[in-house]
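Visitor: Can you keep this structure in mind? I'll have questions shortly.
The values are calculated or read from the model by the stated rules, or taken from the named source; none is laboratory data. This one's a predicted model, so the numbers in the text were calculated from it and none came from an experiment. Glycine gets a Cβ as well: all are built from the backbone with ideal geometry, and neighbour counts include every protein chain shown.
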Amino acid sequence: MYAIVDIAGQQFKVEKDQKLFVHRLDAGEGERVSFDRVLLIDNDSKISVGEPILKGASVSARVISHMKGDKVLVFKKKRRKGYQKLNGHRQYLTQIQIEEINEKSKVKSQKSTEEEAEVKPGNADTKPVTETKPKPKAQAEAKPKAKPKPEAKPKAKTETKPKAETKPKPEAKPKTEPGKKES
């Protein structure tokens, strides 16, 4: 039997008597903690999947110790710029041991959810879809309405000045090779 549980923002696959490291918990050493965000339970090939969590299911564990993780070095460098930076980090961890996986309530298995998904026509248990309620008038009127933009005024046409007359350029004479006379 195993379960997938959300502990301090991370998902873990846990089994009974398993030891694991999680992010630091507020419980003291030797205390018992319970996690109720169970996402999946596999009990002898009976898989129960939550939507997103299973209601009534929990995992209980005992805190063994608090510690710091291994040091992680973060080194940054930009070549040819003379820039180097070294940072270190040690994560605070809690070591726990899983004691029990509880499947208290009747948890839906995959087969039962598939059967419920089928809706037969004429079934009295089906509920009509409800429509959303309109907002009260006080809230609707409280919002300022957008003012219409003023229309753009047409621009007055300006008279264009005629361009100054340009003199045509005289035609260039063809170049002759040196040493030859023009005929």
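Visitor: From 43, 87, grab the single residue that is loosely packed, with under 13 Cβ neighbours inside 10 Å and polar (S, T, N, Q).
Guide: On the way: 43 fails: loosely packed, with under 13 Cβ neighbours inside 10 Å.
It is 87.
Visitor: Does the stretch 29-39 contain at least one residue that is polar (S, T, N, Q) and surrounded by 14 or more Cβ atoms within 10 Å (Cβ to Cβ)?
Guide: The answer is no; no qualifying residue exists.
Visitor: Do we have residue 47 as under 18 Å from residue 104 (Cα atoms), under 30 Å from the mean Cα position of the chain (by Cα), in contact (Cβ under 8 Å) with a residue 12 or more places away in the chain and outside any strand (DSSP E or B) here?
Guide: no
Visitor: A follow-up question, please. Quick one: is residue 49 of a type outside the set (D, E, K, R), farther than 15 Å from residue 97 by Cβ and loosely packed, with under 12 Cβ neighbours inside 10 Å?
Guide: On the way: of a type outside the set (D, E, K, R): yes; farther than 15 Å from residue 97 by Cβ: yes; loosely packed, with under 12 Cβ neighbours inside 10 Å: no.
Spelling it out, it is not the case that residue 49 is of a type outside the set (D, E, K, R), farther than 15 Å from residue 97 by Cβ and loosely packed, with under 12 Cβ neighbours inside 10 Å.
Matching residues to (1) of a type outside the set (Val, Ile, Thr); (2) modelled with pLDDT under 95; (3) within 15 Å of residue 100 (Cα to Cα):
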residue: 9; (1), (2), (3): yes, yes, no
residue: 19; (1), (2), (3): yes, no, yes
residue: 22; (1), (2), (3): no, no, no
residue: 26; (1), (2), (3): yes, yes, no
residue: 32; (1), (2), (3): yes, no, yes
residue: 36; (1), (2), (3): yes, yes, yes
residue: 40; (1), (2), (3): yes, yes, yes
residue: 43; (1), (2), (3): yes, yes, yes
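Visitor: Give me a count of the residues in the stretch 25-36 that are in contact (Cβ under 8 Å) with a residue 12 or more places away in the chain, in a loop (DSSP other than H, G, I, E, B) and of a type in the set (D, E, K, R).
Guide: Looking only at that region, the number is 3.
Visitor: Within the stretch 66-78, how many residues turn out to be surrounded by 10 or more Cβ atoms within 10 Å (Cβ to Cβ) and more than 11 Å from residue 24 (Cβ to Cβ)?
Guide: Summing the residues that are surrounded by 10 or more Cβ atoms within 10 Å (Cβ to Cβ) and more than 11 Å from residue 24 (Cβ to Cβ) in the stretch 66-78 gives 2.
Visitor: Could you pull out the residue among 5, 22, 63, 14 that is part of a strand (DSSP E or B), hydrophobic (A, V, I, L, M, F, W, C), surrounded by 14 or more Cβ atoms within 10 Å (Cβ to Cβ) and over 27 Å from the mean Cα position of the chain (by Cα)?
Guide: Among 5, 22, 63, 14, only 63 is part of a strand (DSSP E or B), hydrophobic (A, V, I, L, M, F, W, C), surrounded by 14 or more Cβ atoms within 10 Å (Cβ to Cβ) and over 27 Å from the mean Cα position of the chain (by Cα).
Visitor: Scanning the stretch 28-44 for residues that are under 14 Å from residue 14 (Cα atoms) and of a type in the set (D, E, K, R), which turns out farthest from the chain's Cα centre (by Cα)?
Guide: It comes out as 42.
Visitor: List, please: which pairs have Cβ atoms under 6 Å, are six or more places apart or on different chains, and start with a residue in the stretch 54-75 that is free of Cβ contacts under 8 Å to residues at least 24 places away in the same chain and among the hydrophobic types (A, V, I, L, M, F, W, C) and end with one that is assigned to a strand (DSSP E or B) and loosely packed, with under 14 Cβ neighbours inside 10 Å?
Guide: Correct list of pairs: 72/89; 73/88; 74/87; 75/86.
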